[in-house]
Structure formats: structure tokens, C-alpha cells
1. In region 94-168, which trypsin sites (Lys or Arg not before Pro) fall in coil by DSSP and have 15 or fewer other Cβ atoms within 10 Å?
2. With a 10 Å cut-off between alpha carbons and a GNM built on the chain, which of Ala56, Ala17, Ala135 moves the most?
3. Treating only the Cβ of Lys, Arg, Asp and Glu as charged (+1, +1, -1, -1), what charge dipole size does the chain show about its Cα centre? Round to the nearest 20 debye.
4. Determine the share of the chain's accessible area contributed by carbon and sulfur atoms, expressed in whole percent, with a 1.4 angstrom probe.
5. Once you charge only the Cβ atoms, +1 for Lys and Arg and -1 for Asp and Glu, what is the size of the charge dipole of region 85-163 about its Cα centre, to the nearest 20 debye?
6. Give me D for region 104-191 in µm² s⁻¹, whole number, from Stokes-Einstein with Rh from the Kirkwood sum over alpha-carbon pairs, 10 °C and 1.306 mPa s.
7. In degrees, nearest 10, range 0 to 90: what is the angle between the Cα axis of helix 127-136 and the longest Cα principal axis of the chain?
8. On the principal axes of its Cα set, how long, how wide and how thick is the chain? Give whole Å, largest value first.
Amino acid sequence: MFAYLFWHTPKPDEDAADYEEGLAAFAQGLLECGCGGVKSAGSFRISAVPWLGDQAGYEDWVIVEGPGVLEALNTAAVSGAMAPLHARVAAAMNLGHGGLYDRLWGDLAPQAADAAQWLTRPRGIAFRPVLEEIARSAGQPVSVWRRFMVLGPGREFLVLGRHPLGLRIPQGWEAHGVRRSAVDSAPAAHS
């Protein structure tokens, strides 16, 4: 399972309720646009992250069956009935970055997580055994994601869980904790 993530901030004069309404409509539109392989879509309010200039903002998630879905999704997201929905959110956005992540393990759905820990490992080490230990240290169900390709400024790994997400981070690893809450109560899922 893969996730396209898009982090963004609204323009300073943008009304938060209007911005979030646009995000919810766009996520719902993605599920209804007929692009096969899209499993869920939704947005989250997030606390500050370095790749948004240390500002709080939003994180959109589109879960897809695999990276091959992205070409059709990219076309569908900006054409036909989606064009005005995309134009609305694009016009209101100030800053944005995207990334593609692969779920390594864990069944916790992104919409169930209100805490995230973004991680970067020291260069030259095998990540899997250490990352597995970090995930176990949570003492709760989590999902663990890895950047699929370097397409944006997001960190290499992501552990999603419930607050408080008390992970034991080994020396040499960099960590950035984020609080998150779903926009429009919960992201939509496509059956």
C-alpha cells in the first residue's frame, strides 16, 4: 500500500473553515472520480513541520494500491468534475510539498492516528531492525511508512500512532513529533 502525501499551508488571509471545506470536497471528489486503485483520501490539520517553514498546516493523504495508480490519479485530480475542486484549493494554498510513501508494516489506518513521528536514520546503517524496535517501543498499534522516492522534503520514515506516542529513539536518529487531527471528522474511504 502506498500513500501520496501533500503538505500545505493556506494563504494568510484564507478563512480556515472555507479552506477545510475545500479540502474535504476535494478528497471526496478523488474517491468519486473513477480512478481505480484509490483506497482512501483525506486531510489532517498538523502541528509545525520543518518542510512547511516550521509552520502548522495540513497534510493530505491519498492511499493507493500501488505507485502505478498515480499517473491516472494525477490526470483525474485536475480535469473534468475535479477541475473546479482542485482550482479552489490550489488558489487558497500558500506553500506546498508532496511525497510518496510505502507502508512497511502495521495496520493502524492514517485516519485513526492523532500523532506522528517523522524519523531520519544515520547514514550507512541497516534501518529495518532499528525501526522495528522503535515501533515496538510505542506499546500500541502503529503503522510504519518509508519514503518511496525522494520527491520532496519529508523525512525518510513515519510512525503513526495515538497520542502520546512515546517512542524510544536511538542516538543518531533525528525525530520530529507531530500532532494531527482529521479535517471534516474523518477521511473518506472508498470501498
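The values are calculated or read from the model by the stated rules, or taken from the named source; none is laboratory data. Owing to the predicted nature of the structure, the values given are computational and were not obtained by experimental measurement. Methodologically, a virtual Cβ is constructed for each residue, glycine included, from the backbone with ideal geometry; neighbour enumeration extends over all protein chains shown. For accessibility, only protein heavy atoms count, side chains too; no ligands or nucleic acids. Shrake-Rupley method; radii C 1.70, N 1.55, O 1.52, S 1.80 Å.
1. Listed in order of number, the matching sites are Arg123, Arg162, Arg168.
2. Result: Ala17 has the largest fluctuation of those listed.
3. Numbers: 16 positive and 20 negative charges, 160 e Å.
Rounded to the nearest 20 debye, it is 760 debye.
4. Values: 4760 of 8980 Å².
Using a 1.4 Å probe with all protein chains present, the chain comes out at 53 percent carbon and sulfur.
5. Result for region 85-163 is approximately 180 debye, rounded to the nearest 20.
6. This corresponds to a translational diffusion coefficient of 116 µm²/s.
7. Between the helix axis and the principal axis of the chain, the angle is about 90 degrees.
8. Result, largest extent first: 48, 36, 29 Å.
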